C-alpha cells in the first residue's frame, strides 16, 4: 500500500517554498515548531519541552486517531509537516509514511523515539506501553531535541529527568502491586500489550483481534471462546478505544471477566492534561489489573 502519493497538497507546499525563496526577504523570528506523529509521541514531547519559551509542540493527528499502522497522510498533514522544524515519531514501523515524507521534505529533522530499543514480538512497535519503553523514549527524544536546539538543551535534559523519575516511581509501584498476583494468564484484544506484559510478568495466552477494528468472524470468535476455556484465562482485556461488542459476547459465553487496559493512544489534547495522560492511564491500568487478577 502506498501511504503517501504525490498530490496537489505537495505541489502547493513546494510552491509556497519557492515563492518565499524568490522574495529574498528575511523571515521574521518564529518559534521552533515541533510536530509529533500521534498521541504517545505528543505526551513524551510535551513533558520534555514543558513551557520552554519559543518552542511550540503540536500533534499532527487528532488525539482520537489512535495507532498509525495504516494511516494515510492528508493534505493538511502535509502542510503541517512542511511548516515543522522537527517531527517526533514513534518509529519502529509505526509510521510507514516516514520515508516518503523525507523524500518530499528533506530538510525536516525526524526523531524516531524508538531508536535504539530492541524490538521483539515480530517487530511490534508498541514499545511505549511498557513503562521502561516510555522511559527510554523520553531520553531518546530529549537527546535529539537538545542536539537540534542547543539553546534549550539544558532545559530539555532537566525536564526529561523529571518526567523519567515520575515514570520510574510508577513502574516501581506497579511492580510492587503486580509481581505477586496469583493469576497471570490474560487475553488481550489487540497486540498492543506484549512489552507491558513482559515487564510485569503477565502471560498473554491469546489475542482476539490481531488488528484494531478487524472484528473476528463467527468461526474465529468460537475458536477464541474455546481457547479461553482451555486456558482458563482469568481475564480478557479490551481497550477503551474500540467497541466492546466481541468482549460482551465472550463474557456472556464464558463468564470470564472483561477489563479495559488503555495503551494510551488517545486522550485530552490540552497540553497540561496531556502531560499527565500516560501516568493517569497507567494508574488506571494498575487498578484494573489488581481488581481482575487478585481473585
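The values are calculated or read from the model by the stated rules, or taken from the named source; none is laboratory data. Quantities reported herein were computed from a predicted structural model and do not represent experimental measurements. Note that we place each Cβ from the backbone using ideal geometry, even for glycine, and neighbour counts take in every protein chain shown.
Checking 120, 134 one by one, the residue that is in contact with a helix residue (DSSP H, G or I) (Cβ under 9 Å, 6 or more places away or on another chain), in contact (Cβ under 8 Å) with a residue 40 or more places away in the chain and part of a helix (DSSP H, G or I) is 134 and no other. The set of residues from the range 262-276 being over 21 Å from residue 130 (Cα atoms) and in contact (Cβ under 8 Å) with a residue 12 or more places away in the chain comprises 269, 271.
Scanning the range 36-49 for residues that are in contact (Cβ under 8 Å) with a residue 60 or more places away in the chain and in a loop (DSSP other than H, G, I, E, B) turns up just one, 38. Look at the range 200-215 and say how many of its residues are buried (at least 17 other Cβ atoms within 10 Å of the Cβ) and modelled with pLDDT under 80. Of the residues in the range 200-215, 3 are buried (at least 17 other Cβ atoms within 10 Å of the Cβ) and modelled with pLDDT under 80. When the range 108-148 is filtered for residues that are surrounded by fewer than 21 Cβ atoms within 10 Å (Cβ to Cβ) and touching a strand residue (DSSP E or B) at 6+ places or on another chain (Cβ under 6 Å), the ones remaining, listed by number, are 108, 109, 110, 144, 148. Specify the residue that is modelled with the lowest pLDDT; the eligible residues are those in the range 171-183 that are surrounded by 16 or more Cβ atoms within 10 Å (Cβ to Cβ) and not in a helix (DSSP H, G or I). Ranking the candidates gives 183 first.
Being crowded, with 17+ Cβ neighbours inside 10 Å, part of a loop (DSSP other than H, G, I, E, B) and modelled with pLDDT of 55 or more is a property that holds for residue 52. Any residue that is surrounded by fewer than 19 Cβ atoms within 10 Å (Cβ to Cβ), out of contact with any strand residue (DSSP E or B) (no Cβ under 7 Å at 6 or more places or on another chain), within 27 Å of residue 65 (Cβ to Cβ) and in contact (Cβ under 8 Å) with a residue 24 or more places away in the chain - is there at least one of those in the range 186-199? Yes, there is a match, as at least one residue in the range 186-199 is surrounded by fewer than 19 Cβ atoms within 10 Å (Cβ to Cβ), out of contact with any strand residue (DSSP E or B) (no Cβ under 7 Å at 6 or more places or on another chain), within 27 Å of residue 65 (Cβ to Cβ) and in contact (Cβ under 8 Å) with a residue 24 or more places away in the chain. Listed by first and then second residue, the pairs with beta-carbon distance under 7 Å, at least 6 apart or on different chains, first residue in the range 150-169 and closer than 17 Å to residue 57 by Cα, second not in a helix (DSSP H, G or I), are 152/52; 152/55; 155/52; 159/50.
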